[in-house]
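Novice: To start, I am sharing the structure in question, which I have written as C-alpha cells.
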Amino acid sequence: MFQKDLLERKRILITGGGTGLGKAAAQRFLELGAELYICGRRQEVLAATAQELRQTTGGKIYARPCDVRDPAAVEAMIAAIWAEGPLDVLMNNAAGNFLARTEELSLGAFQSVIGIVLMGTLHTTMACGRRWLAAGRGGVVLNVSTTYTTTGSAYVVPSAVAKAGMQALTRSLAVEWGNRGIRMNAIAPGPIPTEGAFSRLLARPELEVDAKKRNPLGRFGTMEEFANLAAFLISDGAGYINGEVVTMDGGEWLQGAGEFTALGRELTEKEWEMMRPKKPAPKPA
Ligand code: HXC
Ligand code: NAP
C-alpha cells in the first residue's frame, strides 16, 4: 500500500505500544523505515514486543517503561529519548477502559481512566510540544480516540469523557501550534478485536455476533487497517491534514444515529409493499 521508505528516519513514540493496536502500528511503522520507542507500564510486555518486532522487521525499536499518568515519569522518559535525538512523531495510544454502571463507579475508577487517556495524553503532548516549539522544529501528534466522543456512551462514561477531552485537545492545539509546524490529528476506530479491549468490554463472546450485526459492513475492523491509516496520517504525504478526527468504523456510529435505520431494518416485505406508491418507480433500462 505504501512506498517502503515512507517513514524513513522518522523517530516515533507510541504509548501503549506493547500490545494491541499500538503494537500493530509499531510493526507497520518499522516496516516503513521508522525508528520506534514504545512505552507502557509492564516492562516484560514491552521487552517481549520489542524483541519480537526487531526480529520480524529488522528495525530499531526500544522499550521504555512508563506510566503516562505520572507527569514526572513522562518528563523523564521524554528527556531520555531526546538525549538520543528529537522525536518526529508522538502517537498517544495508551488507554484504560471497562464496562460499568456509572453510579457504581468509585472516584478512583474515574481517575484511573481519565488519568491514562486524558491526562496521559496531555503529559506526553506537552513534553514533546514544548521541545518542538523551543527548537523551532515541526512535529506530528496522532491521538487514538473512539467513535463515542460526540454522542457519549452509556456504561463507558470515564472513557467517553476522557476521549472527548482528548479530541478537544487535538483540535485546539492543531490550531494553536499549526503555524509552528506541529500537526495534530486523531483516529476514531470502531471495534477491532484486541485482548485488551474485548476482554474488558464484551462480557460474553456471543455478544460479538450482535456487535457485527450493528455494523453496516457486518464485521470488525482489523489491526492492519488501523496501522495503515495511522501510517498515512503521520506521513509527510498527509501534511495538510491538521485537526482532523478520522473515523474508521465501517459506518457503525452513523448507523446508530440514523432516525429510521433501525425502524427500516424491522419491516417485512409485506410492510415495504404497503409503503410503496401505487405507481411504481420506473425500472432501469
Ligand atoms: C468498576 C473498576 C473496574 C471495573 C477497575 N476499577 N476496574 N471499577 N469496574 N471493571 C476501579 C478499581 O476498583 C479502582 O478503584 C480503580 O478503578 C483503579 O483500578 P486498578 O485496578 O487499581 O488500576 P490499574 O491497575 O491501574 O488498572 C487500570 C484499569 C485497567 C483502567 C482499571 O482496566 C487497565 O489496566 N487497563 C489498560 C488496558 C485497557 O483498558 N485497554 C482497553 C482499551 S479499549 P479504587 O476506588 O479502588 O481506586 C478502549 C476503547 C474501546 O479504550 C472501544 C471499543 C469499540
Ligand atoms: P490494549 O491492548 O489494552 O492497549 C492499551 C495499552 O495502553 C496497553 O499496551 C497498556 O500497557 C497501555 N497502558 C495502559 N495504561 C497505561 C499507563 N498508565 N501508562 C502507559 N501505558 C498504559 O487495547 P487496544 O485495543 O490496543 O487499544 C489501543 C487504543 O485504541 C486505545 O486508545 C483504545 O482506547 C483505542 N480503541 C480501541 C478499540 C478497539 O476496539 N480495540 C476501539 C476504539 C478505540 P500496560 O498495561 O503495560 O501499561
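The values are calculated or read from the model by the stated rules, or taken from the named source; none is laboratory data. Please read these numbers as outputs of a predicted model, since none were measured by experiment. Don't worry about glycine lacking a Cβ; one is built from the backbone with ideal geometry, like all the others, and counts go over all protein chains shown. SASA here: full protein model, heavy atoms, side chains in, ligands and nucleic acids out. Shrake-Rupley method; radii C 1.70, N 1.55, O 1.52, S 1.80 Å.
Novice: Looking only at the range 3-23, filter to residues that are within 20 Å of the chain's Cα centre (by Cα) and surrounded by fewer than 23 Cβ atoms within 10 Å (Cβ to Cβ); which one of those is farthest from residue 85 (Cα to Cα)?
Specialist: Once the filter is applied, the top-ranked residue is 20.
Novice: Residues that are open to solvent by 30 Å² or more (accessible area, probe 1.4 Å), of a type in the set (Val, Ile, Thr) and either within 16 Å of ligand 1 (Cβ to nearest atom) or at pLDDT 95 or above (or both): does the range 113-121 have at least one?
Specialist: Within the range 113-121, one or more residues are open to solvent by 30 Å² or more (accessible area, probe 1.4 Å), of a type in the set (Val, Ile, Thr) and either within 16 Å of ligand 1 (Cβ to nearest atom) or at pLDDT 95 or above (or both).
Novice: Cβ-Cβ below 8 Å, separation at least six or inter-chain, first residue in the range 126-143 and assigned to a loop (DSSP other than H, G, I, E, B), second β-branched (Val, Ile, Thr) and open to solvent by less than 20 Å² (accessible area, probe 1.4 Å): which pairs?
Specialist: 138/182
Novice: Determine which member of the set 154, 174 is of a type in the set (A, V, I, L, M, F, W, C) and outside any helix (DSSP H, G or I).
Specialist: None of the other options fit; the residue is 154.
Novice: Scan 139, 178 and give me the residue that is open to solvent by less than 40 Å² (accessible area, probe 1.4 Å), more than 13 Å from ligand 1 (Cβ to nearest atom) and touching a strand residue (DSSP E or B) at 6+ places or on another chain (Cβ under 6 Å).
Specialist: Exactly one residue qualifies, and that residue is 139.
Novice: A further question follows. Scan the range 48-80 for residues that are more than 12 Å from residue 36 (Cα to Cα), among the aliphatic types (A, V, I, L, M) and outside any helix (DSSP H, G or I) and jot them down.
Specialist: 68
Novice: Same structure again: Considering every residue within the range 267-281, establish whether at least one is under 30 Å from residue 229 (Cβ atoms), at pLDDT below 90 and among the small types (Gly, Ala, Ser).
Specialist: No, the conditions are met nowhere in the range 267-281.
Novice: Is there a residue being open to solvent by 50 Å² or more (accessible area, probe 1.4 Å) and away from ligand 1 (no atom under 16 Å from the Cβ) anywhere in the range 84-91?
Specialist: Checked the range 84-91: at least one residue is open to solvent by 50 Å² or more (accessible area, probe 1.4 Å) and away from ligand 1 (no atom under 16 Å from the Cβ).
Novice: Additional query: Taking interchain pairs and intrachain pairs at least six residues apart, which have beta carbon atoms under 7 angstrom, with the first residue in the range 10-30 and at negative phi and the second at pLDDT 95 or above and basic (Lys, Arg)?
Specialist: Every condition considered, the pairs that remain are 17/23; 18/42.
Novice: Let me ask something else about it. Checking the condition assigned to a helix (DSSP H, G or I) and buried (at least 16 other Cβ atoms within 10 Å of the Cβ), which residue from 262, 230 passes?
Specialist: 230
Novice: So, in the range 162-211, exactly how many residues are within 16 Å of residue 244 (Cα to Cα), of a type in the set (Lys, Arg) and either in contact with a helix residue (DSSP H, G or I) (Cβ under 9 Å, 6 or more places away or on another chain) or within 16 Å of ligand 2 (Cβ to nearest atom) (or both)?
Specialist: The total comes to 2.
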